[in-house]
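Beneath this line is the structure, given in structure tokens, with notes to follow.
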Amino acid sequence: VQLQAYGGGLVQAGGFLRLSCTASGRSFSPYTVGWFRRAPGKEREFVAAIRWNGGNTYFSDSVKGRFTISRDYSKNTVYLQMNSLEPEDTAVYYCAIGRTIASTVNRPSAYSDWGQGTLVTVSS
């Protein structure tokens, strides 16, 4: 499955961006779609995830209350709405799909296919 993440850019602190993740050639069903990020010099970290079937959502503590994740069946797209952005949110954001359970949704190893990443830069 080819995933494409896009929508990154440069934004001032307090601003917002919406990232999109699409899959070519197939539906996201029955996968979980996750967003991860990697900041310069840091490990990849979980951001948020959504079960395509059922819509359960999951968030890291660092983005809870600021980010939302949603899906659009008609466009076969998952969105990550990022509000109240902080300089600490600066990273390359990746979307990925995997067959997860609740306890593994935040683990990169639970995801089998990854997009190429989109850079988000938040200036102070």
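The values are calculated or read from the model by the stated rules, or taken from the named source; none is laboratory data. Fair warning: this is a prediction, and the values are worked out from it, not measured in the lab. Quick reminder, even Gly has a Cβ in these numbers, built from the backbone with ideal geometry, and neighbours come from all protein chains shown. For accessibility, only protein heavy atoms count, side chains too; no ligands or nucleic acids. Shrake-Rupley method; radii C 1.70, N 1.55, O 1.52, S 1.80 Å.
Observations on the model:
- A single member of Trp35, Trp52 is in contact with a Ser or Thr (Cβ under 8 Å, 6 or more places away or on another chain), among the aromatic types (Phe, Trp, Tyr), surrounded by 12 or more Cβ atoms within 10 Å (Cβ to Cβ) and closer than 21 Å to Ser109 by Cα, and it is Trp52.
- Taking the stretch 74-89 as the range and being under 20 Å from Val1 (Cα atoms) and either of a type in the set (D, E, K, R) or open to solvent by 50 Å² or more (accessible area, probe 1.4 Å) (or both) as the test, the residues that pass are Ser74, Lys75.
A quick yes/no check of all residues on (1) under 11 Å from the mean Cα position of the chain (by Cα); (2) without any contact (Cβ under 8 Å) to a residue 12 or more places away in the chain; (3) assigned to a strand (DSSP E or B):
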site: Phe46; (1), (2), (3): yes, no, yes
site: Gly55; (1), (2), (3): no, no, no
site: Lys64; (1), (2), (3): no, yes, no
site: Lys75; (1), (2), (3): no, no, no
site: Leu85; (1), (2), (3): no, no, no
site: Glu88; (1), (2), (3): no, no, no
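- A single entry from Arg26, Arg66, Arg71, Arg107 fulfils the requirement of being under 18 Å from Gln4 (Cβ atoms), open to solvent by 10 Å² or more (accessible area, probe 1.4 Å), charged (D, E, K, R) and modelled with pLDDT of 95 or more: Arg71.
- Output for the stretch 1-23, where each listed residue is among the aromatic types (Phe, Trp, Tyr) and either closer than 23 Å to Ile101 by Cα or loosely packed, with under 14 Cβ neighbours inside 10 Å (or both): Phe16
- When Val92 is tested against the conditions (1) open to solvent by 20 Å² or more (accessible area, probe 1.4 Å); (2) of a type in the set (Val, Ile, Thr); (3) over 29 Å from Gly14 (Cβ atoms), the lone failure is (3).
- Count of the stretch 1-33 residues which are over 15 Å from Ile50 (Cα atoms) and either among the acidic types (Asp, Glu) or in a loop (DSSP other than H, G, I, E, B) (or both): 9
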